[in-house]
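These notes are about the structure you will find just below.
The values are calculated or read from the model by the stated rules, or taken from the named source; none is laboratory data. Since the structure is predicted, the reported quantities are computational estimates derived from the model, not experimental observations. Here Cβ is always computed from backbone atoms with ideal geometry, including for glycine, and neighbour counts include all displayed protein chains.
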Amino acid sequence: MLIGPSGAGKSTFAARHFASTEVLSSDALRAMVADDPNDQAATDAAFELLHTALGLRLARRRLTVVDATNVERWARAGLLAIARRHHRPATAIAFALPVAVCLERNAARLDRRLPPPAIRRQHRLMTASLATLAEEGLESVWRLDDATAVAGARLERVPGQRSV
């Protein structure tokens, strides 16, 4: 799972490192159910679809990346429960960029700009979570603290392995 406030670069990172079929994006699923990735009224339906797709993919032992803010423990707990049910490990990549970077990127967006207080709230929740992520049942937690770390991150797949 990717963890971080809006504007931290999660979707860009996912698109760069994973096949589109491997990524379950909350924004894309909101668009799927409501024709609008910004339609917050579609969030419950989008996450119902996300959780169903996650379970189906994990049952087939497919690498799956959840691209959502995941800044609240209860949201991560739901994902971890699905992984446990399918006996699959769960890993987190936390985008702990400075809030100013997230706000700047959000302001530059043309398509889905969030109110700055929402991003500050997401950042506070994520920051508070960083110390306890390892205790939540994740197999590993990777933390990226700035844009340079995000841009320089390298992921390696083990040859012959169909999923992580």
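Computed quantities for the displayed model
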{"read-out": "Residue match in the stretch 4-13 (condition: assigned to a helix (DSSP H, G or I), touching a Gly at 6+ places or on another chain (Cβ under 7 Å) and under 23 Å from Glu135 (Cβ atoms))", "value": "yes"}
{"read-out": "Residue ID - surrounded by the most Cβ atoms within 10 Å (Cβ to Cβ), chosen from residues in the stretch 1-12 that are in contact with a helix residue (DSSP H, G or I) (Cβ under 6 Å, 6 or more places away or on another chain) and either free of Cβ contacts under 8 Å to residues at least 24 places away in the same chain or more than 17 Å from Arg76 (Cβ to Cβ) (or both)", "value": "Gly7"}
{"read-out": "Residue match in the stretch 127-141 (condition: in a loop (DSSP other than H, G, I, E, B) and touching a Pro at 6+ places or on another chain (Cβ under 8 Å))", "value": "yes"}
{"read-out": "In the stretch 14-52, the residues that are in a helix (DSSP H, G or I), buried (at least 16 other Cβ atoms within 10 Å of the Cβ) and touching a residue at least 60 places away in the same chain (Cβ under 8 Å)", "value": "Asp27"}
{"read-out": "Which numbered condition Arg157 fails, given (1) outside any loop (DSSP other than H, G, I, E, B); (2) farther than 30 Å from Val33 by Cβ", "value": "(1)"}
{"read-out": "Val164 β-branched (Val, Ile, Thr), surrounded by 11 or more Cβ atoms within 10 Å (Cβ to Cβ) and either within 24 Å of Phe18 (Cα to Cα) or modelled with pLDDT under 95 (or both)", "value": "yes"}
{"read-out": "Ile119 being hydrophobic (A, V, I, L, M, F, W, C) and in contact with a Phe, Trp or Tyr (Cβ under 6 Å, 6 or more places away or on another chain)", "value": "no"}
{"read-out": "Condition check for Val23: of a type outside the set (Gly, Ala, Ser), modelled with pLDDT of 95 or more, under 12 Å from the mean Cα position of the chain (by Cα) and at negative phi", "value": "yes"}
{"read-out": "Condition broken by Arg85, with the remaining ones in (1) in contact with a Leu (Cβ under 9 Å, 6 or more places away or on another chain); (2) touching a residue at least 24 places away in the same chain (Cβ under 8 Å); (3) more than 24 Å from Ser129 (Cα to Cα) satisfied", "value": "(3)"}
{"read-out": "Selection count where residues are in a helix (DSSP H, G or I) and among the aliphatic types (A, V, I, L, M), scope the stretch 53-94", "value": "12"}
